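These notes are about the structure you will find just below.
The values are calculated or read from the model by the stated rules, or taken from the named source; none is laboratory data. Please read all numbers here as calculations on a predicted model, not as lab measurements. Note that we place each Cβ from the backbone using ideal geometry, even for glycine, and neighbour counts take in every protein chain shown.
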Amino acid sequence: MSIRDIIEGKKQWRAHVARVKALPPDYQIVYKEMQKYLFKVGPVSLSDETLLPGIVDFFEEGVAAGKGVLELIGTDVAAFCDDLVKDSPTYADVYQASISGEPGADEK
């Protein structure tokens, strides 16, 4: 990873954070809880830079439609997040596969 990649990544992250801050307060609170949960669960897809921006896209559409955040995701943030990443391996899955010697563990 070059310095240029790091700088570009920071610019993208700052733009992402600015989009989150532009959401209504209730959306911001739920987004932060989702982000915290997803960082803890550790889906591999989180690092592909599409999951979190996709959530912000979804939230922006909800705001534009005049819906409350709980109308979009329900009252269980963790269940909503689990459903988002249900088909994605987590870092724990990758690690478990690597120590158990499963073939293709490094491909996940």
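Residues that are of a type in the set (Gly, Ala, Ser) and under 17 Å from Ala78 (Cα atoms) were ranked within segment 37-49; the one that is modelled with the lowest pLDDT is Ser45. I'd like to check something: does segment 50-70 contain any residue that is within 23 Å of Ala18 (Cβ to Cβ), modelled with pLDDT under 90 and touching a Ser or Thr at 6+ places or on another chain (Cβ under 8 Å)? Scanning segment 50-70 turns up at least one residue that is within 23 Å of Ala18 (Cβ to Cβ), modelled with pLDDT under 90 and touching a Ser or Thr at 6+ places or on another chain (Cβ under 8 Å).
Just one of (1) small (Gly, Ala, Ser); (2) assigned to a helix (DSSP H, G or I); (3) at pLDDT 90 or above trips up Ser98, so point out which. Against the list (1) small (Gly, Ala, Ser); (2) assigned to a helix (DSSP H, G or I); (3) at pLDDT 90 or above, Ser98 comes up short only on (3).
Within segment 73-86, the only residue that satisfies the criterion of being within 15 Å of the chain's Cα centre (by Cα), assigned to a loop (DSSP other than H, G, I, E, B) and not hydrophobic (A, V, I, L, M, F, W, C) is Lys86.
Give the residues of segment 16-52 that are of a type in the set (Gly, Ala, Ser) and either exposed (fewer than 11 other Cβ atoms within 10 Å of the Cβ) or outside any helix (DSSP H, G or I) (or both), sorted by residue number. Across segment 16-52, the qualifying residues are Ala18, Ala22, Gly42, Ser47.
Please find, within segment 53-72, the residue that is surrounded by the fewest Cβ atoms within 10 Å (Cβ to Cβ) out of those that are within 14 Å of the chain's Cα centre (by Cα) and touching a residue at least 24 places away in the same chain (Cβ under 8 Å). So, considering only residues that are within 14 Å of the chain's Cα centre (by Cα) and touching a residue at least 24 places away in the same chain (Cβ under 8 Å), the one surrounded by the fewest Cβ atoms within 10 Å (Cβ to Cβ) is Pro53.
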